[in-house]
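See structure below.
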Ligand SMILES: [Zn+2]
């Protein structure tokens, strides 16, 4: 057997070609679901794809801000790391945020703390910075 790389087409790519490609190519990581739909889009697109939305609805029941009851299916898809500052449109960094929390977290990121929930989800705690108790 000639050493090489077995392609999906059934052809064997000779080792010399593998080395040439490794030197001259840029590798791109693509994460797909079982149906072959791409789940990690990186910086290619800002908006979540339909396949990403379906995966998010399977992972989250509600808005990803603690205590917010809005169902995920009625939420906007939010980037855990803000898109405008380099955030990726990758499934592991996307989640549902209601319109209010999506905008508020964008405008006041200092009011929120992010934490990991399990292996593949995030949650945010809202801190009411600057609020004062009313004195009677
Ligand atoms: Zn919310």
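The values are calculated or read from the model by the stated rules, or taken from the named source; none is laboratory data. Bear in mind that the values here come from a model prediction, so they are computed numbers and not experimental data. Using ideal geometry, Cβ is built from the backbone for each residue, glycine included, and neighbour counts are taken over all protein chains shown.
Is it the case that the range 106-116 has a residue that's under 18 Å from the mean Cα position of the chain (by Cα) and touching a residue at least 60 places away in the same chain (Cβ under 8 Å)? No, the range 106-116 has no match at all. Where residues in the range 75-90 are within 9 Å of the chain's Cα centre (by Cα) and not in a strand (DSSP E or B), which of them is nearest to the ligand (Cβ to nearest atom)? Only one residue tops the list, namely 80. When the range 104-119 is filtered for residues that are within 15 Å of the ligand (Cβ to nearest atom) and surrounded by fewer than 11 Cβ atoms within 10 Å (Cβ to Cβ), only 107 remains. If we scan the range 39-48, do we find a residue that is more than 16 Å from the ligand (Cβ to nearest atom), in a helix (DSSP H, G or I) and at pLDDT below 90? So far as the range 39-48 goes, no, none of its residues is more than 16 Å from the ligand (Cβ to nearest atom), in a helix (DSSP H, G or I) and at pLDDT below 90.
Residues of the range 91-103 being crowded, with 20+ Cβ neighbours inside 10 Å and either within 14 Å of the chain's Cα centre (by Cα) or in contact (Cβ under 8 Å) with a residue 40 or more places away in the chain (or both), which ones? Passing the criteria: 91, 94, 95, 96, 97.
Select from the range 50-85 the residues that are in contact (Cβ under 8 Å) with a residue 40 or more places away in the chain and either surrounded by 12 or more Cβ atoms within 10 Å (Cβ to Cβ) or over 17 Å from residue 123 (Cβ atoms) (or both) and list them in ascending order.
Of all residues in the range 50-85, those in contact (Cβ under 8 Å) with a residue 40 or more places away in the chain come to 52, 56, 59-60, 64-67, 80.
Within the range 50-85, 52, 56, 59, 60, 64, 65, 66, 80 qualify.
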